[in-house]
Amino acid sequence: MNAVEIEEALTQLFERPFDADEFAFDFLRAFGTRETTVKRLRKGETNKSDLGRGLLQRKKLHLAVCDEDAVSETFAALKASPATASNKARFVLATDGHTAHFEDLNTGEYIACDYRDLPAHFG
């Protein structure tokens, strides 16, 4: 996918009502993750997360959907997770559907914003 397609897919995702059960998979699809990969993560075959409600795609992303007002704690848990380090996740993302915290672990770029504003930061 090119940058315009990713931006369009993210915009569509964040315009829809938040679905805690599907968000992680829809987020990966927005970046062009193959459906086979999504299915394997959903089944738990390749999900390396050590956090409840977490999804970790090796060398890419460790993401967790959390309860309302638990974003900061969940984000800290993602960053401190041994699975994040051992699976060399580049990005961590925590959201409750109202706020989101995101960090690129390679560059240290950190974003804390309203959930709906997150697509504006993926330029």
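Each reported figure results from applying straightforward, stated rules to the coordinates on display, with no laboratory input. It should be emphasised that the depicted structure is a prediction, and the values quoted were computed from it without experimental measurement. For neighbour counting, all protein chains shown are included, and Cβ atoms are generated from backbone atoms with ideal geometry for every residue, glycine included.
Quick notes on this structure:
- DSSP bridge analysis restricted to segment 9-102 gives an antiparallel fraction near 60%, rounded to the nearest 5.
- The stretch between D26 and N106 holds 26.4 nm of extra length on full extension. This uses 0.36 nm per residue minus the Cα-Cα distance.
- Computed over the chain: relative contact order in percent, which uses C-alpha pairs under 8 Å that are six or more apart: 20
- As a length-normalised measure over Cα pairs under 8 Å and 6 or more apart, the relative contact order of segment 59-98 settles at 62 percent.
- Computing FRET efficiency as 1/(1 + (r/R0)^6) for I6 and T46, where r is the C-beta to C-beta distance and R0 is 22 Å, gives about 0.50.
- GluC sites (Glu not before Pro) restricted to segment 38-123 and DSSP loop, no more than 10 other C-beta within 10 Å: E45, E68
- Label assignment, mean projected area of the Cα convex hull in nm² derived from the structure, set (i) 6.8; (ii) 7.6; (iii) 13.3: (i)
- Per residue, the average separation of C-alpha pairs within less than 8 Å and at least 6 apart gives segment 1-55 a relative contact order of 29 percent.
- Neighbourhood charge, 14 Å Cβ-Cβ cut-off, centred on D104 and excluding it, Lys, Arg +1 and Asp, Glu -1: +3
- Electrostatic bookkeeping for L10 treats Lys and Arg as +1 and Asp and Glu as -1; over the other residues with beta carbon under 14 Å from its beta carbon, the sum is -3.
- Amide H contacts under 5 Å for T99, placed H, 5+ residues apart: Y115
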